[in-house]
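Everything on this sheet refers to the single structure shown next.
The values are calculated or read from the model by the stated rules, or taken from the named source; none is laboratory data. Note that the coordinates shown come from a computational prediction; the quantities given were computed from them, not determined experimentally. Methodologically, a virtual Cβ is constructed for each residue, glycine included, from the backbone with ideal geometry; neighbour enumeration extends over all protein chains shown.
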Amino acid sequence: MTSSAPILITGAGQRVGLHCAQRLLEDGHRVIFSYRSERPGVQTLRDLGATALFADFSNEAGIVDFIGELKTRTDSLRAIVHNASEWLAETPDTDAAAFTRMFNVHMLAPYLINLHCADLLQRSTPADIVHISDDVTRKGSSKHIGYCASKAGLESLTLSFAAKYAPAIKVNAIAPALLLFNPEDDAAYRAKALAKSALGIEPGSEVIYQSLRYLLDNPYVTGTTLTVNGGRHIK
């Protein structure tokens, strides 16, 4: 039995977000999703009946505009899945701008959306918020400090919102490591990346949908980050 309230998933135009949105639709959920640029996946989801909303989460005004538009489209939500993500190189010329942008996408957008859309979630039982974090937060990253810090902040938001919204809304996170290579990744890079985990596979997007499904379906889990990393922490 699926809730009649839709699920919001941010950044669903490609890769893992697109896969999860398609699977939610297959499972009978109504889906609203945000996208930043027109990609083939955006039209794919429209064709499947999902509602597409443009969003620019790189600044406060864009986030606030998105929340306003969302509230014109629905008066309730079954869940919010914060999947939108930004990965930017941090060079001396761009470090402040890159950090600010990643902070806005990974932390300010989930923070404001969670605060201002709680009323929509409270009209659904059950109700969930799921933050898509990153396994890199477990040990830090000397090369991608801003990315790692902003994803770690998202995991902190998981704990705080879980406490704030219990028992009406469960709030959890998923922290994946490598899921999908890019077409341009060469054999040497692939071998090196696979060797970092105990299981040594490229699992694809479905493992994140399985994790999301678990969090949506289990009534007794909140304030938890699910590690989906193929055993990197034991390698």
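Structural remarks
- Restricting 112, 88 to residues that are part of a loop (DSSP other than H, G, I, E, B), over 22 Å from residue 217 (Cα atoms) and either modelled with pLDDT under 95 or out of contact with any Phe, Trp or Tyr (no Cβ under 7 Å at 6 or more places or on another chain) (or both) narrows the list to 88.
- So residue 125, is it at pLDDT 95 or above, among the β-branched types (Val, Ile, Thr) and loosely packed, with under 13 Cβ neighbours inside 10 Å: yes
- Sole residue being surrounded by 15 or more Cβ atoms within 10 Å (Cβ to Cβ), in contact with a Cys (Cβ under 9 Å, 6 or more places away or on another chain) and either on the phi < 0 side of the Ramachandran plot or among the small types (Gly, Ala, Ser) (or both), chosen from 179, 212, 194, 226: 212
- Filter pass, residue 135 being touching a Pro at 6+ places or on another chain (Cβ under 9 Å), farther than 23 Å from residue 36 by Cα and crowded, with 16+ Cβ neighbours inside 10 Å: yes
- Out of 160, 142, one residue alone is in contact with a strand residue (DSSP E or B) (Cβ under 9 Å, 6 or more places away or on another chain) and either of a type in the set (Asp, Glu) or surrounded by fewer than 16 Cβ atoms within 10 Å (Cβ to Cβ) (or both). It is 160.
- Of all positions in region 164-182, at least one carries a residue that is farther than 20 Å from residue 112 by Cβ and touching a Pro at 6+ places or on another chain (Cβ under 7 Å).
For every residue, the table says whether it meets (1) over 27 Å from residue 161 (Cα atoms); (2) touching a residue at least 60 places away in the same chain (Cβ under 8 Å); (3) surrounded by fewer than 20 Cβ atoms within 10 Å (Cβ to Cβ); (4) hydrophobic (A, V, I, L, M, F, W, C).
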residue: 5; (1), (2), (3), (4): no, yes, no, yes
residue: 13; (1), (2), (3), (4): no, no, no, no
residue: 48; (1), (2), (3), (4): yes, no, yes, yes
residue: 63; (1), (2), (3), (4): no, no, no, yes
residue: 90; (1), (2), (3), (4): yes, no, yes, no
residue: 94; (1), (2), (3), (4): yes, no, yes, no
